[in-house]
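Since the structure comes first, as structure tokens, the remarks are kept for the end.
The values are calculated or read from the model by the stated rules, or taken from the named source; none is laboratory data. Everything numeric here is computed off the predicted structure, so don't read it as measured data. Every residue, glycine among them, receives a Cβ derived from its backbone with ideal geometry; neighbour counts consider all protein chains shown. Calculation scope for accessible area: heavy atoms of the full protein, side chains included, ligands and nucleic acids excluded. Shrake-Rupley method; radii C 1.70, N 1.55, O 1.52, S 1.80 Å.
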Amino acid sequence: GSALGIQSTLAGTASIGMADLVELPPEAQSLHSTVVAQDGIVLVVHPKNPITNLTLEQTRDIFNGKIANWSALGGEDHAITVVSREAGSGTRSSFEKIVGGIQLTPNAIIQDSNGTIRETVANDPHAVGYLSHGLIDPAKIKPLLVNGADCTPEEIAARRYPLVRPIFLLTREAPQGAAGEFIAYILSPEGQAMILKDGLLPAR
């Protein structure tokens, strides 16, 4: 998680730490941060779920527990299984900050990675969760539109897709030596093309 990336960099146990947060927390302000990519956060459901789009307001109400049955959204008459990341996760922090006003329902299932979120939703026809765009597997889960927009580079560039957060690489000082060379490579055309190929979005 992002908390570990920040703490490891502050402690000097890592040359480079990574954090994927809408905003870095106060304890990270002393670190040198470089945005190397963007990442879309995608709401996902089971492929059999007929729902295709959620607004940010509906998303907030689902994760707060205010909307607890899919029938309220035009789906099946069945309780919604809410699946979320753990405290300290950059994905969770960014998701909750963008959506706003979330006090996570105590009935939520908590998972410790994007991968376990994906598997939980894939195995529960009534579940909804969120994960990084690069972890989407259409054979297992179905991504939803948010406010009618898809998580694509075009929709993100046009500022129509709302759930987007930067990916930071963090160093204790301005990057130099091997760390500087590595970050420079990630920002190079070759590095940015690799990021795009692997499911993230370019830094700019």
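Scan VAL121, VAL146 and give me the residue that is surrounded by 18 or more Cβ atoms within 10 Å (Cβ to Cβ) and in contact with a Pro (Cβ under 9 Å, 6 or more places away or on another chain). Full working, then the answer.
Working: VAL121 fails: in contact with a Pro (Cβ under 9 Å, 6 or more places away or on another chain).
None of the others qualify; the one that does is VAL146.
Name the pairs whose Cβ atoms lie under 9 Å apart, with the first residue in the stretch 27-38 and surrounded by fewer than 12 Cβ atoms within 10 Å (Cβ to Cβ), the second not β-branched (Val, Ile, Thr), and 6 or more positions between them or separate chains?
What qualifies is GLU27/GLN7; GLU27/LEU10; SER30/LEU10; SER30/ARG172.
Just wondering, is there one or more residues in the stretch 50-72 that are assigned to a strand (DSSP E or B) and either within 15 Å of SER94 (Cα to Cα) or free of Cβ contacts under 8 Å to residues at least 60 places away in the same chain (or both)?
Of the residues in the stretch 50-72, the ones assigned to a strand (DSSP E or B) are 53-54, 69.
Still in the running and either within 15 Å of SER94 (Cα to Cα) or free of Cβ contacts under 8 Å to residues at least 60 places away in the same chain (or both): 69.
The answer is yes, given that some residue of the stretch 50-72 is assigned to a strand (DSSP E or B) and either within 15 Å of SER94 (Cα to Cα) or free of Cβ contacts under 8 Å to residues at least 60 places away in the same chain (or both).
Scanning for something of a type outside the set (A, V, I, L, M, F, W, C), in contact with a strand residue (DSSP E or B) (Cβ under 6 Å, 6 or more places away or on another chain) and assigned to a loop (DSSP other than H, G, I, E, B), does the stretch 38-47 turn up at least one residue? Let's see the steps before the verdict.
Taking the stretch 38-47 and keeping what is of a type outside the set (A, V, I, L, M, F, W, C), we get 38-40, 46-47.
Next, from what is left, pick out any that are in contact with a strand residue (DSSP E or B) (Cβ under 6 Å, 6 or more places away or on another chain): 38-40, 47.
Cutting the leftovers down to assigned to a loop (DSSP other than H, G, I, E, B) gives us 47.
There is at least one residue in the stretch 38-47 that is of a type outside the set (A, V, I, L, M, F, W, C), in contact with a strand residue (DSSP E or B) (Cβ under 6 Å, 6 or more places away or on another chain) and assigned to a loop (DSSP other than H, G, I, E, B).
Quick one: which of GLU154, GLU181 is modelled with pLDDT under 95 and farther than 30 Å from LEU104 by Cβ? Don't jump to the end; show me each part of the working.
Numbers: GLU181 fails: modelled with pLDDT under 95.
Being modelled with pLDDT under 95 and farther than 30 Å from LEU104 by Cβ holds for just one of GLU154, GLU181, which is GLU154.
Looking at the stretch 89-97, can you tell me whether even one residue there is in contact (Cβ under 8 Å) with a residue 60 or more places away in the chain and open to solvent by 40 Å² or more (accessible area, probe 1.4 Å)?
In the first step, residues of the stretch 89-97 are kept if they are in contact (Cβ under 8 Å) with a residue 60 or more places away in the chain; the result is 89-91, 93-95, 97.
Remaining after also requiring open to solvent by 40 Å² or more (accessible area, probe 1.4 Å): 93, 97.
Yes, the stretch 89-97 contains a residue that is in contact (Cβ under 8 Å) with a residue 60 or more places away in the chain and open to solvent by 40 Å² or more (accessible area, probe 1.4 Å).
Show me the helices (runs of 4 or more DSSP H) found entirely inside the stretch 148-204 where at least 1 residues are among the hydrophobic types (A, V, I, L, M, F, W, C) and within 30 Å of LEU56 (Cβ to Cβ). Talk me through it step by step, then tell me what you get.
Numbers: elements: 153-157, 177-187, 189-197.
Per the criteria, 153-157, 189-197.
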